[in-house]
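Read the structure below first, then the notes.
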Amino acid sequence: FAPWDDPNEKPLISFQRVTKRFGDFTAIDDISLDIFSREFFALLGPSGCGKTTLMRMLAGFETPTEGKIFLAGQDIAPVPPNKRAVNMMFQSYALFPHLTVWDNIAFGLKREGKDKDAIEARVNEMLKLTRLEKFKSRKPHQISGGQRQRVALARSLAKAPKLLLLDEPLGALDAKLRQDTQFELVDIQEKTGTTFVIVTHDQEEAMTVASRVAVMDEGKLMQVSTPDRIYESPDSVYVADFIGDVNIIEGRAHQTGDNVQVIWAEGQPPLMAKTQKDFSLDQQCWLAIRPEKVAISAERPQAPNTLRGRILDIAYLGNISTYHVELPTGHVIKAQEANTRRIARRSFTWEDEVWLSWTDTAGVLLDR
Ligand code: ATP
């Protein structure tokens, strides 16, 4: 399932050079973006980056200052919100407190004037999909937060929208329930085949649920790709740093073919990296290396990159341990290891002198 890699595939949603200004403040800055049918697409970024504004334009609650938005090939500008094949599920769920779960789910269908049997069948289908059959006669205050979340989802899906927009849908749930619910959301999305666009500031959530993720900053798209590509091949320091943990070492590039020597500190040997990009001589660059790609050892290993340092801190997290290692240059490098070989790992302690090492393909060399 990778319609974004197929040049013949037509997008369900297409933002074309969309800008949104509030007064002289630019909330969305010249964004072009295609989202495909059946995708679970995540808009991810820090507070205020414009995720919700982008979504509200899709729903029709905001209009672009410049540019166009197409849904299934049609310009949606003239189409009012209630006529778009789009539904939006709000973080507050906005359930009717005086109606039962069943009536909450049926509400939109009744308003559309569907006949009784069709409504009955559709509501029962939605109750089954969201595992709410047992709770159908209860009112919202008589069910848990997770169940309320599922009622809101069932209600949003009842009218079979082409597109469902979810604004921080799991924000009100506690951490454990949130994780379970993420898998449930993916399951429901796959079963219905509805295109989901989710807004979240939680990178783990985006990575868990989404087919693709758009990382945003200050109204701009920084990178749009699959979760694994975003993690393994970030194309900027911003994205590398926003997604997961990373070491960033700034330096100057000396390139020969796809091999680059990164000159990064006085009196230190250059760091070796591979790249497909072209750097001019002495161009400023940043080497991004994930902590789990940095090995820690007592003896100097055979590796293209080896650095000596002293352990400042050890964070034991059960399955993994993270070491903060200070180099003579003052840089602090994070190394992370899985705690599968327990005895070996216990041999390091605070203040130990250790070797850090990584291969020349472990890091990503960035030019911005
Ligand atoms: P959060 O995660 O905090 O919800 P967000 O990424 O969804 O943030 P938006 O709600 O899209 O951010 O807002 C983007 C920017 O646009 C913010 O700086 C916000 O203050 C501004 N903004 C949003 N709506 C309006 C408005 N109606 N008038 C003026 N400024 C607005």
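One residue alone among 221, 164, 177 is in the same structural domain as residue 33 (by TED's automatic domain parsing), surrounded by 18 or more Cβ atoms within 10 Å (Cβ to Cβ) and touching a helix residue (DSSP H, G or I) at 6+ places or on another chain (Cβ under 6 Å), and that residue is 164. For the stretch 33-53, taking the residues that are within 15 Å of the chain's Cα centre (by Cα) and within 6 Å of the ligand (Cβ to nearest atom), the one that is surrounded by the most Cβ atoms within 10 Å (Cβ to Cβ) is identified as 45. Does any residue of the stretch 70-85 turn out to be in the same structural domain as residue 138 (by TED's automatic domain parsing), within 25 Å of the chain's Cα centre (by Cα) and within 16 Å of the ligand (Cβ to nearest atom)? For the stretch 70-85, residues in the same structural domain as residue 138 (by TED's automatic domain parsing), within 25 Å of the chain's Cα centre (by Cα) and within 16 Å of the ligand (Cβ to nearest atom): absent. Scanning the stretch 14-29 for residues that are in contact (Cβ under 8 Å) with a residue 40 or more places away in the chain and of a type in the set (Asp, Glu) yields one hit, 29. Of the residues making up the stretch 54-69, those that are in contact with a strand residue (DSSP E or B) (Cβ under 7 Å, 6 or more places away or on another chain) and near the ligand (Cβ under 10 Å from one of its atoms) are 54, 55, 57, 62. Of all the criteria given as (1) closer than 20 Å to residue 86 by Cα; (2) buried (at least 19 other Cβ atoms within 10 Å of the Cβ); (3) in contact with a helix residue (DSSP H, G or I) (Cβ under 7 Å, 6 or more places away or on another chain), the one not satisfied by residue 182 is (1).
Among the residues of the stretch 120-145, those identified as assigned to a loop (DSSP other than H, G, I, E, B) and among the basic types (Lys, Arg) are 131, 136, 138, 139.
The values are calculated or read from the model by the stated rules, or taken from the named source; none is laboratory data. Since this is a predicted model, take the numbers as computed values, not measurements. Reconstructed Cβ throughout: ideal geometry from the backbone, glycine too, with neighbour counts over all protein chains shown.
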